[in-house]
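> Before I ask anything, here is the structure I am working with.
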Amino acid sequence: MLDYTPVLIKGIGVTVELIAFGAVAGVALGIGCAWARTHGPRWLRVPVAAYVEAVRNTPFLIQLFFVFFGLPSLGIQLGEMQAACLAMALNLGAYSAEIIRAGIDATPKGQYEAGASLAMTRGQVFRHIVLKPALARIWPALSSQIVIVMLGSAVCSQIAAEDLTFAANFIQSRNFRAFEVYFVTTGIYLALSVLLRQLLRMTGKRLFRKAVR
């Protein structure tokens, strides 16, 4: 295994890149979808709801294949990393939308009325009064979903994205030591999960220190 350390390090780096982009883009997309379903215009709610239900009720692997193999039929060519990042963002966006919407729905009506009394627009009320407390309420659940998506990134190796699982498969095909290779890979994924969860926990404490829970 030591002979293939550079391959493992490269795989870890790619996995970290995937989850960094997927987490940021996915949560941003989730916030937008949650707003559309709770405060958006009526015409926008139906397509957003359709997107959320479609993603939540289909396997991530199929979504990945659709992005990588299906979109080129429409003239949209994506590389392995681009397709993997897009698929992860779309997947997390749908799941986080429902988690964030639950936090928004738990917002007391009095907060909306307080914002209206200050002559704030609906958008300003959402940004300044509703969103941050809502995120504070659901941050543990959202953090868990981000970790789940990070672990799900292992299937991105199926389209030749050179992540940690791709590296493990490559090493195993060279040294034929399946037990050692996948034992080490399991330990690395476990360490990444623990580190990511701790990072998200510290981020939540910093962002929502004064937020209403």
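> List every DSSP H helix in the chain whose Cα atoms extend 18 Å or more along the helix's own long axis and whose mean Kyte-Doolittle hydropathy is at least -0.5.
5-38, 42-56, 80-105, 131-152, 178-207
> Given a 10 angstrom Cα cut-off, can you work out which residue in LEU151, LEU74, LEU190 is the most mobile in a GNM of the chain?
LEU74
> Can you tell me the relative contact order of the chain? Whole percent, Cα pairs under 8 Å, sequence separation 6 or more.
Reported as a whole number, the value is 29 percent.
> Is segment 9-80 best put as rounded, prolate or oblate by its Cα gyration tensor, with a ≥ b ≥ c the root eigenvalues, rounded for a/c under 1.5, and otherwise prolate when a/b is larger than b/c, oblate when not?
Numbers: a/c = 2.41, a/b = 1.48, b/c = 1.62.
Oblate shape, in that a/c is at least 1.5 and b/c is the bigger or equal ratio.
> Another one. May I ask you to sort ARG127, ARG197, ARG209, ARG101 by Cβ crowding, counting other Cβ atoms within 10 Å and putting the fewest first? Walk me through the numbers before you get to the answer.
Numbers: ARG127 13, ARG197 16, ARG209 8, ARG101 21.
Final ranking by Cβ density, sparse to dense: ARG209, ARG127, ARG197, ARG101.
> Another question, then. Which lysines have a Cα lying under 23 Å from the Cα of LYS205, excluding residues fewer than 8 positions away in the same chain?
Correct list for LYS205: LYS132.
> Here's something else I'd like to know. What translational D, rounded to a whole number of µm²/s, comes out for segment 25-65 from Stokes-Einstein when the hydrodynamic radius is the Kirkwood one over Cα pairs, at 37 °C and 0.692 mPa s?
Details: Rh = 10.9 Å.
Answer from the Stokes-Einstein relation: 301 µm²/s.
> Report, to two decimal places, the Cα Rg of segment 2-207 normalised by 2.2 N^0.38 Å (N = number of residues).
On the way: Rg = 19.7 Å, N = 206, 2.2 N^0.38 = 16.7 Å.
Relative to the rule-of-thumb radius for its length, segment 2-207 sits at 1.18.
We did not get these values from a lab; they are worked out from the coordinates using the rules stated. Keep in mind that what you see is a predicted model, and the values were worked out from it rather than measured. All Cβ positions, glycine included, derive from the backbone under ideal geometry; neighbour counts span all protein chains shown.
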